[in-house]
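A quick write-up on the structure given underneath.
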Amino acid sequence: MDTLSVCIIAKNEESNLIRCLESIKGIADEVILVDTGSFDKTISIAEKYNAKIIEFPWEKNFSTARNKALEMATKDWILCLDCDEALDISQVYEIKRKLKNSKNLGFRLKLANVIDNKLYNGKHILRIIRNNSGFYYSGKINEKLMNSISSTKMAINLPVLISIIPN
């Protein structure tokens with residue numbers, strides 16, 4: 001029980017997507033990319049990484065698109081990433097090890113911003129969730145991950161970095 005779907009929503013993210021997808025190559029058992037109307041090379045880049053592409057009309061609601069990605073995920077666990085984010089590849093093994101036989105509902109990963117090549121650490125954010133365990137997104141903008149059937153307190157922090165590099 002340690003397979004992982006990576007869920008990403010995108011629109012015109014060709015400048016960020018390769019970095020994001022490269023960072024998950026060693027951990028993703030499936031990549032779900034919900035595209036909300038790209039007219040750049042986003043879809044062709046995702047296809048090169050064997051992503052399952054779902055074309056989804058933009059409804060001015062980030063949660064709707066994210067929930068579509070969650071719905072399409074078929075693996076045991078789901079990692080939610082934005083296109084301008086990337087996992088610290090040196091920690092992929094640690095993630096896989098923690099997922100194996102875990103009783104947790106999720107894992108919080110440490111978010112870090114990279115500005116002018118300097119790392120600014122942020123807080124831990126729930127980004128890996130057990131599939132089919134009541135999680136969903138709520139809110140049109142600045143969406144939040146919610147759970148309808150359990151307490152997200154069953155999530156633990158991992159010392160894994162997700163870095164955000166601005167365009």
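The values are calculated or read from the model by the stated rules, or taken from the named source; none is laboratory data. Since this is a predicted model, take the numbers as computed values, not measurements. Don't worry about glycine lacking a Cβ; one is built from the backbone with ideal geometry, like all the others, and counts go over all protein chains shown. Accessible surface is based on the protein model in full, side chains and every heavy atom, while ligands, DNA and RNA are left aside. Shrake-Rupley method; radii C 1.70, N 1.55, O 1.52, S 1.80 Å.
Tell me the Kirkwood hydrodynamic radius of region 1-43 in angstroms, computed as one over the mean inverse distance between distinct C-alpha pairs.
Result for region 1-43, one decimal place: 11.0 Å.
Between ASP29 and SER90, take the C-beta separation as r, use R0 = 22 Å, and let me know the FRET efficiency to the nearest 0.05.
The calculated FRET efficiency here is 0.65.
Please find the FRET efficiency linking MET1 to ASN117, where r is the Cβ-Cβ separation and R0 is fixed at 45 Å, and quote it to the nearest 0.05.
So the FRET efficiency works out to roughly 0.70.
Counting other C-beta atoms within 10 Å, and keeping those with at most 13, which DSSP coil chymotrypsin sites (Phe, Trp or Tyr not before Pro) do you find in region 10-95?
Hits after loop and neighbour filter: PHE39, TRP58.
Strictly over 27 Å apart at the Cα level, which of LYS52/LYS118; LYS11/LYS48; LYS41/LYS123; LYS25/LYS60; LYS48/LYS96 would you flag in this model?
Pairs exceeding 27 Å: LYS52/LYS118; LYS41/LYS123; LYS25/LYS60.
Sorted from largest down, give the three principal axis spans of the alpha carbons of region 37-81, whole angstrom values.
Here the Cα extents, ordered largest to smallest, are 30, 27, 15 Å.
How far apart, in nm, are the 7 Å Cα→Cβ label points at LYS144 and PHE39?
Here the answer is 3.6 nm between the modelled labels.
In percent, how large is the relative contact order of the chain, given Cα pairs closer than 8 Å and 6 or more residues apart?
Computed value for the chain: 26 percent relative contact order.
Tell me the volume per residue, in Å³, of the convex hull enclosing the alpha carbons of region 76-130.
Per-residue hull volume (Cα only) is 83 Å³.
Which one, ALA86, LEU126, SER63, is farthest towards the positive end of the dipole of region 6-156 when Lys and Arg carry +1 and Asp and Glu -1 on their Cβ?
LEU126
How long is the gain from SER15 to TRP58 if the chain were fully straight, where each residue apart is worth 0.36 nm and the alpha carbon distance is subtracted?
13.5 nm is the gain from fully extending SER15 to TRP58.
Please give the net charge around LYS123, taking every other residue with its beta carbon less than 9 angstrom from that of LYS123, where Lys and Arg add +1 and Asp and Glu add -1.
Net charge around LYS123: +2.
If you roll a 1.4 angstrom probe over the protein chains with everything in place, what fraction of the accessible area of the chain belongs to carbon and sulfur, to the nearest %?
Ligands and nucleic acids excluded, carbon and sulfur reach 51 percent.
Over the alpha carbons of region 1-154, what is the largest minus smallest coordinate on each principal axis, giving the biggest first in Å?
Cα extents, longest axis first: 41, 34, 28 Å.
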